[in-house]
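The values are calculated or read from the model by the stated rules, or taken from the named source; none is laboratory data. Owing to the predicted nature of the structure, the values given are computational and were not obtained by experimental measurement. A quick note on method: Cβ atoms are made from the backbone with ideal geometry, for glycine too, and the neighbour counts reach across all protein chains shown. Quick note on the areas: whole protein, heavy atoms, side chains included, nothing else; ligands and nucleic acids left out. Shrake-Rupley method; radii C 1.70, N 1.55, O 1.52, S 1.80 Å.
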Amino acid sequence: DNGGSFTLCCVAVDPKNSGVVWLGTGENASQRSAHFGDGIYKSTDAGKTWQRMGLAASEHIGQVLIDPRNSNVVYVAAQGPLWSAGGERGLYKTTDGGTKWERVLHVSDDTGISDIVFDPRNADVIYASSYQRRRAVGQMIGGGPEGGIFKSTNAGKTWTKLSNGLPKDDVGRIALGVDPRNPKRVYALISAKAPRGGRGGVAQVVPDESDGPVV
């Protein structure tokens, strides 16, 4: 109630310390009435007090992930401003608990990151979905050629855009999920053109191949 933003998108609890909570601001949707936020907040006392930890120009955060091995490593998927280009848009990573942030995945000034998931058995393996979108008073551009699924096997240092078996046309927002019992199986709910639109793709990602087959 006393923060700088009344619109919130996502919350993440540190798996090693339940008193540490991260909070992303800004609606992670794209309707005309969507309100923007003012960055990422952190609590070290289970939500009693909060401190803003930066990324104020992200405006709309999609997801927050905490490395289960190291509480100081946090990833923030920033969708970026809805009504304009630029801003703090992309996938950001901190290795010091939020003091400094590095953008480890940047597609363009028009395309942000809407979802991120770890491989549950290896947090160095990360999947991220990009979302190209822009809002105007009378129209919404919800998708484009820059949308897709990216994979990193080295904690975000380098990325490969996956393509095998995925829709070839422009895609919109993508939700991701990894099977905890079989991390080779990755689910992607993709907004795309018919007949592929709205279908969940099941990706069988081979460990030594960055771009496994998808059905």
>> Test of understanding: express the Cα radius of gyration of the chain as a ratio to 2.2 N^0.38 Å, with N the residue count.
In response: 0.98
> On full extension of the chain, what length is gained from Thr95 through Lys48, given 0.36 nm per residue of separation minus the C-alpha to C-alpha distance?
Replying inline: 14.5 nm
>> Give the lysines reachable from Lys42 as a straight Cα distance under 18 Å; neighbours fewer than 8 places away on the same chain don't count.
In response: Lys16, Lys93, Lys100
>> If you take every residue apart from Thr94 with its C-beta less than 15 Å away from the C-beta of Thr94, what net charge results, scoring Lys and Arg +1 and Asp and Glu -1?
In response: +2
>> Starting from the 7 Å offset along Cα-to-Cβ, what nm value, one decimal, do you get for the label separation of Ala57 and Ala194?
In response: 4.2
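Which sequence of Met140, Met53 reflects their accessible areas, 1.4 Å probe, from the largest down? Can you show the working numbers first?
On the way: Met140 65, Met53 30 Å².
I get Met140, Met53, largest accessible area first.
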> So between Ser71 and Asp109, what do we pick up on full extension, going 0.36 nm a residue minus the alpha carbon distance?
Replying inline: 10.7 nm
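Could you compute Rg(Cα) / (2.2 N^0.38 Å) for segment 79-135, with N its residue count?
Values: Rg = 12.5 Å, N = 57, 2.2 N^0.38 = 10.2 Å.
Ratio of Cα Rg to 2.2 N^0.38 Å: 1.22.
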> So how strong a dipole does segment 10-143 carry about its Cα centre when Lys and Arg Cβ are +1 and Asp and Glu Cβ are -1, to the nearest 20 debye?
Replying inline: 140
